[in-house]
Every structure is written in structure tokens, then in C-alpha cells.
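Encoded as C-alpha cells, the structure appears first; notes follow it.
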């Protein structure tokens, strides 16, 4: 009976999303620009929520509360700094500039923008290749999350492979049909839904346990150090490293970066920018406080289990718990569908078109984009069957991997003397460094408490600037296009 | 565009980032209405950040980015009036 209610809610939600996708499909032109960017016409609320929902994946719902449960609520601060402040600043510094450039030169991807400026097909391919390298495991992570959540929710009736497979199939269908417009619309629905259900969940649990003071006393009795700011886990270095690398990494994540190109006008970007910190704090506080308070609330969380579903199952009615889990699934899907779309655009525009078939018609590129979505999703699903590693490790690696791109790109955007050799060396060096820190023992993963991700960012910056100073720009570089004649109206 | 405004805003950005986490409350476990004081600071700070961003967007948007000098650099209100017309172009 319970399982039926839960599955009913999830299936109902999926059908609603599909209906929205079909409406979007009817409005879509059959061009790649429309499929990827809704022809750059997105308004404030939709841009705000699509970025929000895209950014906050399974991480916010599962991994985040788990961290707060294990280590205390400081996670709110880390996420607040990375997403609410650092990302918002980058929203202007990188995003607004990219938006202006995209409008002027019709760029759809980051690689395209850099390849054009530095007159380098290889640089374009490199940026796309590096991005896909990190994007792939991250999409896999979302599928692992969805599969595990469905399995836990139905107490094993729907096994992992079936759950993750169904979600993947649905996402493929959805992305191929709806494109960016449909994704942005459902994101708006999902983002609002996430916000509302998380607050109701918090209020509900607090009402049962007797308010925040009671919840905090219970937590204090169980783990007193959790309420004091800082701990052996939350060190200054760790909090800053994490917030900075993930904040910069987010801005380079293909599905987020591509949204910089999609805004309908300058006003849309401005409003979203100002509302951003509020939106972040509104979601992070209830979600992570629930996780932190759960520690004092006498619920047993078994190894590998997520905190949020367990506490909801304990304190709220079945239908409500299912609703929140559906919200979490929605969060995962809204991240994954955007990632599939962006991944496919990086592949077709920056790898396939420049290196394999240069005279691609618009119609054919549109078709190829959709085929790319199917291939990407299927491959990451198969990979997820083979190796479901933990959410946090994978997610953290991908964000830091993307963070390595941010500083070379920012140098190129704001410093005229950047050369092709400089940015290429900066990207290669920082990627090589970070990958080595992950997979070899030669490069350490921490430096006096600071993470390899942060150190790698510094290395990328130094190499980009240093090599640019030592080399002269190639004759065909378009050195002024990021600077001259950039205005909004 | 005005250089002092640019450097001023860079300082604001760094200042906003620096105090999002209230380092001066390190180790503090004071509770206010059942919620740690440092969390209240954070919530208030995010509200302040939103306000500061709004102000920037209204008056200084384009600073450091748009190449046309006078459209954005500090003349109150001029930046926002240009496209007050609405969402879509």
C-alpha cells in the first residue's frame, strides 16, 4: 500500500513533467540553437529557477543533509558561501560577459567562445573534452542517486538497476522531446516544489519534536560539539577550499555555464543576480538543519542510508515523505536532463562538427544533438551499474575538476595579453595536476589543510599568466573581441 | 568607466565573501531561539548580500565589462532605466 502511494506520486510527477515537455516541443523551432538555448529568450523566474534547480541536485537533498548529520550544520555556511555569494559574483563576472559575447557572436558553448577568440580548434576541443570528462561521472552520480533512492523508498521492490534504468529512459525521452525550453519550464516547477516541500518538512518535524529549542537540546545531548561553529572536520582551510572550488566549479559546469547564454535580456540577468543569495539560503537552511537535528532525534540511520528519507518516514505521513522523495528525484532529474543536453551540445558543436563533419546543416545538427543525448545517457547508466561509488566523493571531484577551468577562462575574458599558448598550457597543467592528485600518490591531495583542487586553481592561474607573458599571440588570434564594442543595447 | 568604482566594488565583493561565514564566532555555541547564533548571522548576511547585489545591479551594472564608458559608471539610475521595458527583447 505504502509503496503504491509512493510510486503513484513519483509516476504522477513524471507524467506532469512529460506533459510540460510536450507543450514545449510544440513551440520549438527545429534548430540546434533553439534546442540548446530556447533561442536566448528565457525570462527572470524561469532563468532563476532553472539555474537553481540545475545547480542543486541530489547533493542538496541527500549528500548535504548526510554531511550535516555526521558533522554538524556548518554545511549551511559552506554551501551559502559557495552558491549564494561566490557563484553569484561569478554570475556577473563570467556570466554577464559571456551573455554579451554570446549574443554578439552566437556562441552556444564555452569551447566555442574560447576557440573563436584564440582561433584554435584544438583549444575548443580541449575545453569540450575536459568538460565531458568531468560531466560523465557526475551524470552517473545522479543516476546512482535516483536508483538508490527508488530502491530505498520501495524497500527493494524496485531494484537499483531497474530504478536507475527507468529514470534514465525517462530522461532521454524527455530531453530529446523537450529541449532547453521544456527543461527550463519543468525546472521552474521543480525548484519551487523543492523549496516549498523542504520548508513544510522542517516545520512538520519541528512540530512533532516540540520546536527548534527542543531539537537543539536533543542534538546537544547527543553530540554537543555540533552546535559550536567549527570542528576537526570543519576547519577554516577545508571550509574555504570547498566553498571556493565548488563555487568556481559550478560556473564552469556545462549545464550552468550554458545558462549564461540563455537569458532573454540584461534585466533578467540583473534580477536573477540580486535574488540569488536569498533563494540559496531559503533552501539550504531547512534542508541541512533537518539533517543536523536528525542526529539528536533517536532515528537509526544504517550504513549507506540517506538521512532525509529516514527522518521523514519517521515523523511525517507516508504521502508527504513520498512527495519529498519525489522532489529529490525531481532535483536529480532536473540536474541530469540539463547535463545531458549540455553534454550533447559540447560533443556535437565542439568535437563532432569541428573535427569530423564541418558542413553540418542546422537540421542535421539538431538531429545529431538528440542522438548525442541518447548515447551519453545510456553510457553513463551502464557505467553506473558497474561502479556505484559514493555520491560525495564523485560529486566533489567533478566540481573541483571544473573549477580548474575557471581561472584560465577568467584571465582570457579580462586580460588582453592572454595568448593561445598561455590558456592552453594553463588548462592542461591544472587538469594534469588535479587528476594526478586524485589518481596517483605522486601529487598529494592536501597542502596544510588546503585541498588539491584549490592549489590546482592557483597553478592554472600562474601558468596561464606566465606562459602568456613568455609567448607572443598567434597572428590569427582575435585579441580584441572580448573587449571592444561590448554593450548591452 | 570609473576606476574607483571598480576597485570599490571589488572590495565589496571580497568583503561580502569574507564574512559570509562569521569567523569571529568560531567555537561559539550560543543558541538564539534554538538555532545557533552563527547561523542567524549567516541568514542576515545573505539578506544583506542580496540587497547589495540589487543596488549594484540597479546603479553599476556593466562596470568592468561594458566597453562604453558612461553608460554604467556610477551615474545613479541611468543603467537601469535603459531597459526597464521588460523581460523580453
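None of the figures in this text is laboratory data; all of them are computed from the coordinates on show. Because the structure is a prediction, the values reported are computed rather than measured. Note that each Cβ is placed from the backbone with ideal geometry, even for glycine, and that neighbours are counted across all protein chains shown.
Quick notes on this one:
- For the pair residue A:305 and residue B:28, label points projected 7 Å from Cα toward Cβ lie 3.7 nm apart.
- Reported to the nearest whole Å, the Cα centre-to-centre distance from region A:104-131 to region A:172-205 is 31.
- For region A:424-446 versus region B:1-72, the gap between their alpha-carbon centres in whole angstrom: 32 Å
- Anisotropy class of region B:9-55 from Cα gyration tensor, a/c 1.5 cut: oblate
- Between residue A:18 and residue A:462, the simple spin-label model (points 7 angstrom out along Cα→Cβ) gives 5.5 nm.
- Principal-axis tilt of helix A:266-294 within chain A, Cα atoms, nearest 10 degrees: 30 degrees
- Tilt relative to chain A, helix A:318-345 - C-alpha long axis, 0 to 90 degrees, to 10: 10 degrees
- Classified by the C-alpha gyration tensor, region A:189-267 has an oblate form. Its axis ratio a/c, with a ≥ b ≥ c, is 1.5 or above, and a/b does not exceed b/c.
- Rounded to 10°, Cα long-axis angle of helix A:121-153 versus longest principal axis of chain A: 10 degrees
- Fewest-first ranking of A:300, A:419, B:20, using other Cβ atoms within 10 Å as the exposure measure: A:300, A:419, B:20
- Rounded FRET efficiency, nearest 0.05, which uses the C-beta distance separating residue B:14 from residue A:446 and R0 of 25 Å: 0.50
- Applying 1/(1 + (r/R0)^6) with r as the Cβ-Cβ distance of residue A:314 and residue A:121 and R0 = 45 angstrom yields a FRET efficiency of 0.20.
- Averaged over the residues of peptide A:163-173, the number of Cβ atoms from other protein chains lying within 10 Å of each residue's Cβ is 0.
- Descending principal axes extents, chain A, alpha-carbon based, whole Å: 70, 54, 45
- The slack between residue A:4 and residue A:169, meaning 0.36 nm per residue of separation minus the straight C-alpha distance, is 57.3 nm.
- Dividing the summed -39500 (n - 2.57) terms of all DSSP H runs of n ≥ 4 by the residue count of the protein assembly as shown sets its mean residue ellipticity at 222 nm at -22500 deg cm²/dmol.
- For region A:2-407, the relative contact order works out to 39 percent when only alpha carbon pairs closer than 8 Å and six or more residues apart are counted.
- For the peptide A:272-283, the mean number of other protein chain Cβ atoms found within 10 angstrom of a residue's Cβ is 5.
- Isotropically averaged projected area of region A:422-489, using the convex hull of Cα atoms (one quarter of hull area), nm²: 7.1 nm²
- Ordering A:417, A:266 by the number of other Cβ atoms within 10 Å of each residue's own Cβ, fewest first, gives A:417, A:266.
- Note on residue A:177 and residue A:106: with the Förster distance fixed at 35 Å, the Cβ-Cβ geometry gives a FRET efficiency of about 0.90.
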